[in-house]
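A.B. asks: Mind looking over this structure? Questions follow.
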């Protein structure tokens, strides 16, 4: 009988697996004092839900988001009055807080509104499916080439003044396609598909490029994760084929709330980020917008794209665990959560630690009943009574000069 043997492997022969996410190279697009793309860190965005006519309420909402790490804030402008209110909002932020990069959301035949808000914000978001609204015809069976081109020319005439305004001011535009609001002629031509979403975006991009304007960010959002993934992947392929390098804004629109909304957003956004796709993200929850920011940072932290908190490595607990793992993890977190940048492992037994925590800066391991083994990296430093475990962990971090007092 033939036997199979495993070849000996050495450090020299073991294949090296690259665990780094290699982000797609994109052009840098400035949005106020923040830059999207160009190798800059993935930017976190959200949107206030206050009425933009409520200047003080809007300023307060923008400030709340910005103070917890939201780097760009979007506001809605459904009318000219809302557009003019942005001037007051911007002024009040300057007087009472600091400048915050602002984006104005413009829909439904919004040229006049867009031209107004372009004076006051750092980026204007338009939806190609609604910017020049095509009233659907219930009895339509086809779009002729002449009809298609006629509307395309109308789009160009309507978009051109906004593009020139933003170009001359050095400001940005987001071409934000939504799966649920594709223009009728795109639906007739391509169907309700990722291809229709991509072609809709490309039509607007090409108009901008013809006017020598390239401060563009592109999004292709859908409420169904597989549609969203397919649209962004196809957009990247089409841009690569056309020599375009525009940064992408990722999001699963109308994700819902609670645990499922967070999982759904993570499934879409996290998958693309892991493929190197995406330069700015927004998690869209049916909750107060402040709830979105921790989810964004958790996604980025888990992929190693931003370091905004302590990374805790902890086993799930089992019959081998020698202490109350949940309780101890909470105590360790309470004492060290302000030490942004550290990786700390809390392991219940010798089976999971130290091997499973090899990449951690510090380890807290239950190796024998009543005692805790403290590690620096892979090296066991000392064993201490369980009741002194957290105190001694802090002392070890202090001895290494990596401790800072919490604010």
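The values are calculated or read from the model by the stated rules, or taken from the named source; none is laboratory data. Because the structure is a prediction, the values reported are computed rather than measured. As a convention, Cβ positions derive from the backbone with ideal geometry for all residues, glycine included, and neighbour counts pool all protein chains shown.
A.B. asks: Identify all residues within the range 368-393 that are under 28 Å from residue 302 (Cβ atoms), touching a residue at least 40 places away in the same chain (Cβ under 8 Å) and out of contact with any helix residue (DSSP H, G or I) (no Cβ under 6 Å at 6 or more places or on another chain); write none if there are none.
C.D. replies: Of everything in the range 368-393, those that are under 28 Å from residue 302 (Cβ atoms), touching a residue at least 40 places away in the same chain (Cβ under 8 Å) and out of contact with any helix residue (DSSP H, G or I) (no Cβ under 6 Å at 6 or more places or on another chain) turn out to be 389, 393.
A.B. asks: Quickly run through the range 204-226 and pick out the residues that are under 23 Å from residue 46 (Cα atoms) and either touching a strand residue (DSSP E or B) at 6+ places or on another chain (Cβ under 9 Å) or buried (at least 21 other Cβ atoms within 10 Å of the Cβ) (or both). Give the derivation first.
C.D. replies: So in the range 204-226, the residues under 23 Å from residue 46 (Cα atoms) come out as 215-226.
Those that are under 23 Å from residue 46 (Cα atoms) and either touching a strand residue (DSSP E or B) at 6+ places or on another chain (Cβ under 9 Å) or buried (at least 21 other Cβ atoms within 10 Å of the Cβ) (or both): 215, 216, 217, 218, 219, 220, 221, 222, 223, 224, 225.
A.B. asks: A further question follows. Here is a check on your reading of the model: is residue 125 surrounded by 14 or more Cβ atoms within 10 Å (Cβ to Cβ), assigned to a helix (DSSP H, G or I), modelled with pLDDT of 85 or more and in the same structural domain as residue 211 (by TED's automatic domain parsing)?
C.D. replies: Numbers: surrounded by 14 or more Cβ atoms within 10 Å (Cβ to Cβ): yes; assigned to a helix (DSSP H, G or I): no; modelled with pLDDT of 85 or more: yes; in the same structural domain as residue 211 (by TED's automatic domain parsing): yes.
For residue 125, the condition - surrounded by 14 or more Cβ atoms within 10 Å (Cβ to Cβ), assigned to a helix (DSSP H, G or I), modelled with pLDDT of 85 or more and in the same structural domain as residue 211 (by TED's automatic domain parsing) - is not met.
A.B. asks: With 61, 83, 57 as the choices, which residue is in the same structural domain as residue 255 (by TED's automatic domain parsing), farther than 28 Å from residue 208 by Cα and touching a helix residue (DSSP H, G or I) at 6+ places or on another chain (Cβ under 9 Å)? Break it down into steps so the answer makes sense when it comes.
C.D. replies: Details: 83 fails: farther than 28 Å from residue 208 by Cα; 57 fails: touching a helix residue (DSSP H, G or I) at 6+ places or on another chain (Cβ under 9 Å).
Answer to the selection: 61.
A.B. asks: Quick check on this structure: which one of 366, 401, 353, 370 is at pLDDT 90 or above and either closer than 15 Å to residue 324 by Cα or more than 32 Å from the chain's Cα centre (by Cα) (or both)? Explain how you work it out, then say what you get.
C.D. replies: On the way: 366 fails: at pLDDT 90 or above; 353 fails: at pLDDT 90 or above; 370 fails: at pLDDT 90 or above.
Selected residue: 401, the only one of 366, 401, 353, 370 that is at pLDDT 90 or above and either closer than 15 Å to residue 324 by Cα or more than 32 Å from the chain's Cα centre (by Cα) (or both).
A.B. asks: Inside the range 28-55, can you point out the residues that are closer than 17 Å to residue 283 by Cβ and crowded, with 18+ Cβ neighbours inside 10 Å? Walk me through it before giving the result.
C.D. replies: Step one: filter the range 28-55 for residues closer than 17 Å to residue 283 by Cβ, giving 36, 41-49.
Passing the criteria: 36, 42, 43, 44, 45, 46, 47, 48.
A.B. asks: Which numbered condition in (1) touching a residue at least 24 places away in the same chain (Cβ under 8 Å); (2) in contact with a strand residue (DSSP E or B) (Cβ under 6 Å, 6 or more places away or on another chain); (3) buried (at least 16 other Cβ atoms within 10 Å of the Cβ); (4) farther than 13 Å from residue 332 by Cα is the only one that residue 362 fails?
C.D. replies: It is condition (4) that residue 362 fails.
A.B. asks: Any residue at all in the range 298-314 that's within 21 Å of the chain's Cα centre (by Cα), closer than 27 Å to residue 366 by Cβ, part of a loop (DSSP other than H, G, I, E, B) and at pLDDT 90 or above? Please lay out each step first, then the result.
C.D. replies: Kept after step one, since they are within 21 Å of the chain's Cα centre (by Cα), are these residues of the range 298-314: 298-311.
Restricting the remaining residues to those that are closer than 27 Å to residue 366 by Cβ gives 298, 301-302, 309-311.
With part of a loop (DSSP other than H, G, I, E, B) added as a condition, the list becomes 309-310.
Retained after the next criterion (residues that are at pLDDT 90 or above): 310.
Yes, the range 298-314 has at least one match.
A.B. asks: Quick one: which residue in 119, 112 is in a helix (DSSP H, G or I) and either modelled with pLDDT of 85 or more or in contact with a strand residue (DSSP E or B) (Cβ under 6 Å, 6 or more places away or on another chain) (or both)? Outline the logic, then answer.
C.D. replies: Numbers: 119 fails: in a helix (DSSP H, G or I).
Going through 119, 112 in turn, the sole match is 112.
A.B. asks: Report whether or not residue 170 is exposed (fewer than 13 other Cβ atoms within 10 Å of the Cβ) and in contact with a strand residue (DSSP E or B) (Cβ under 9 Å, 6 or more places away or on another chain). Quick ask: steps written out before the conclusion?
C.D. replies: Working: exposed (fewer than 13 other Cβ atoms within 10 Å of the Cβ): yes; in contact with a strand residue (DSSP E or B) (Cβ under 9 Å, 6 or more places away or on another chain): yes.
Yes; evaluated as a whole, the condition is true for this residue.
A.B. asks: Which one is surrounded by the most Cβ atoms within 10 Å (Cβ to Cβ) among residues in the range 84-109 that are modelled with pLDDT under 95 and in contact with a strand residue (DSSP E or B) (Cβ under 7 Å, 6 or more places away or on another chain)?
C.D. replies: Applying the filter and picking the extreme gives 106.
A.B. asks: Could you grab me the full set of residues in the range 268-289 that are in contact with a strand residue (DSSP E or B) (Cβ under 8 Å, 6 or more places away or on another chain) and more than 14 Å from residue 42 (Cα to Cα)?
C.D. replies: Listed by number, the residues that qualify are 268, 284, 289.
Matching residues to (1) modelled with pLDDT of 95 or more; (2) closer than 26 Å to residue 39 by Cα; (3) under 28 Å from the mean Cα position of the chain (by Cα):
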| site | (1), (2), (3) |
| --- | --- |
| 138 | no, no, no |
| 143 | no, no, no |
| 175 | yes, yes, yes |
| 182 | no, no, yes |
| 213 | yes, yes, yes |
| 219 | yes, yes, yes |
